[in-house]
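What follows is a short report on a single structure.
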Amino acid sequence: GVCLRDGDIEGAAARLLQGCGACIRGYLRVALSEDRLVRDAFSAFSEAVWQRIRRYRAEKRLVVWAHRLAYVAAKERGETSRLRKPSSTRKAKTGSRDLSRTRAATLQPLGAAEDAELMRRELSLEEQTLLTLRIDRQFEWAEIAWVLSQGSGSGAGAQMARRFERLVARLHATAVARGLIERGPLPANLASLQLSRR
């Protein structure tokens, strides 16, 4: 913020990439399954920061603004990669490798870390981002809606909260159906789905 107020656009971009770079790279590793896509998306994200930071306005937190740029970059790369679906064997190997190497977030109540992470990789990019931003980054609902280009304000935030509840309920039902966890009620407090890192 200080660099921007002083008109130092280059300094502001460099500080944002330095401060948020690791966080954004971690998000991209969860959102995209291939190293090449992660590299391409991070490169596109970095370029977008340099091009757009002069238009940043402080009504959104800088980290939220950065995640929106990263989501757009991931979406563009993900749409390209869906044309070439990897085999299930390759997908499973990639998921396990990424799990240990990137310390990707898992939904611990949904079974062993590896099972939960592989199940999470079956979600759409938008669903993955919703989980990451809420559970791992603890963004507000309205911030998540804005990152996902679903509008802003309390109405969009409330809609995103309902979507999150439906998604977690679906993941819970899937984990039960696959025998990853015992049949039982969904955790009463969704906030109890905490980040687990390896």
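The values are calculated or read from the model by the stated rules, or taken from the named source; none is laboratory data. No experiment lies behind these values; they were computed from the predicted model shown. Positions of Cβ are generated from backbone atoms using ideal geometry, with glycine treated the same way; all protein chains shown enter the neighbour counts. Keep in mind that these areas ignore ligands, DNA and RNA; they rest on the heavy atoms of the full protein, side chains included. Shrake-Rupley method; radii C 1.70, N 1.55, O 1.52, S 1.80 Å.
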Run the quick spin-label model on residue 165 and residue 140: label points 7 Å from Cα toward the beta carbon, then report their separation in nm to one decimal.
2.0
Which of the chymotrypsin sites (Phe, Trp or Tyr not before Pro) across the range 2-65 are loop residues per DSSP, with 16 or fewer other Cβ within 10 Å?
none
For residue 63 the rounded accessible area (nearest 10 Å², probe 1.4 Å, non-protein molecules ignored) is 40
Could you bin all the Cα-Cα distances of the range 1-78 into 10 Å bins starting at 0 and give me the percent of pairs in each, rounded to whole numbers?
20, 53, 22, 4
Could you give the nm distance between label points at residue 55 and residue 180, where each point is 7 Å from its Cα heading toward the beta carbon?
3.9
